[in-house]
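Student: Here it is, the structure, as structure tokens.
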Amino acid sequence: MKSKLSIDVLERGAQSRFMRTTKGQFGLREWEADGYREYQAERYRKALLEEDVVVFPTQSLAQVLPGRGLFSNSDMTLLTSASFPMKRRDAELDTGVVQLVSVFLVRHLGRLLTYKRTKRLPEQRLHGSYSLFFGGHVAPDDFGVLFGALHSGSSATFLERELLEELRFPGGMPKLMYRGLLYDDTREVSRQHVGIVFDAQLESPEYEIGERGFLIDAKFETLDEISARKNDFENWSTFLLEYEVKARSECQQA
């Protein structure tokens, strides 16, 4: 029973009739009205903060990226040579480094896969917000594989190490295409992160949310549907949405 309840809470999140009330115990979600609070395990967050991630000096940022935006012609050689590993917990507190994050836009027939972030993820500022990309901090062991994917346009190994932590694809692996580096300095935390953006094109709409992601309400949406509720999305997603809408407009005018 504990296993069934855990799966229901994991897959359905806030839509589940149940919630954890303490370690190993469950109750009805409607009990929140009576003062009960949902229990959030700390082990997952702590494990993520203790992992090693790839960073590079903030002072090198201007040489790699000319400013705010999505750039496809950045100096990847400089980025590669200047990067080094650091404990994620330390990197979060060190403004002298910028962290690298993989960013996958998962597509099928002109629609993007979106989802809502739950309280189980370590980034508290993103709790309850929606996103239109998947991915996460780049681990040192994956760094070389990542840049191999930049040149090959497709890398099953890279997908297995990065994207498959959050998604499964019963209908076949997506095809990767590198889009560029994403940077947004409009928010303090965003100044410490650079996204390495890929399109992940699916032949089939089949997907499964992986256990590690703790993501809910996943669905494919059109750009118009996403735009209609863009205030629900975190800042990187709204940034990418603007680029998607602009690119669609330019394509229609061509």
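The values are calculated or read from the model by the stated rules, or taken from the named source; none is laboratory data. Being a predicted model, the structure only gives us computed values, none of them experimental. Using ideal geometry, Cβ is built from the backbone for each residue, glycine included, and neighbour counts are taken over all protein chains shown.
Student: Looking only at region 76-120, how many residues end up being surrounded by 18 or more Cβ atoms within 10 Å (Cβ to Cβ) and among the small types (Gly, Ala, Ser)?
Tutor: 3
Student: Just to be sure I understand, how many residues within region 55-105 are charged (D, E, K, R) and under 20 Å from THR186 (Cβ atoms)?
Tutor: 2
Student: Can you pull out every residue in region 196-231 that is in contact with a helix residue (DSSP H, G or I) (Cβ under 9 Å, 6 or more places away or on another chain), modelled with pLDDT of 90 or more, surrounded by 12 or more Cβ atoms within 10 Å (Cβ to Cβ) and assigned to a helix (DSSP H, G or I)?
Tutor: LEU223, ILE226, SER227, LYS230
Student: Could I ask something else about it? Taking into account only those residues within region 232-254 that are hydrophobic (A, V, I, L, M, F, W, C) and at pLDDT 90 or above, which is surrounded by the most Cβ atoms within 10 Å (Cβ to Cβ)?
Tutor: LEU240
Student: Counting only residues that are basic (Lys, Arg) and touching an Asp or Glu at 6+ places or on another chain (Cβ under 6 Å), how many does region 180-205 have?
Tutor: 1
Student: May I ask you to list the residues in region 38-61 that are surrounded by fewer than 14 Cβ atoms within 10 Å (Cβ to Cβ), modelled with pLDDT of 70 or more and either within 28 Å of MET76 (Cβ to Cβ) or over 20 Å from the mean Cα position of the chain (by Cα) (or both)?
Tutor: Residues satisfying the conditions are PRO57, GLN59.
Student: Also: Considering only region 1-36, state which residues are in a loop (DSSP other than H, G, I, E, B), in contact with a strand residue (DSSP E or B) (Cβ under 8 Å, 6 or more places away or on another chain) and at pLDDT below 75.
Tutor: TYR36 - this is the single residue of region 1-36 that is in a loop (DSSP other than H, G, I, E, B), in contact with a strand residue (DSSP E or B) (Cβ under 8 Å, 6 or more places away or on another chain) and at pLDDT below 75.
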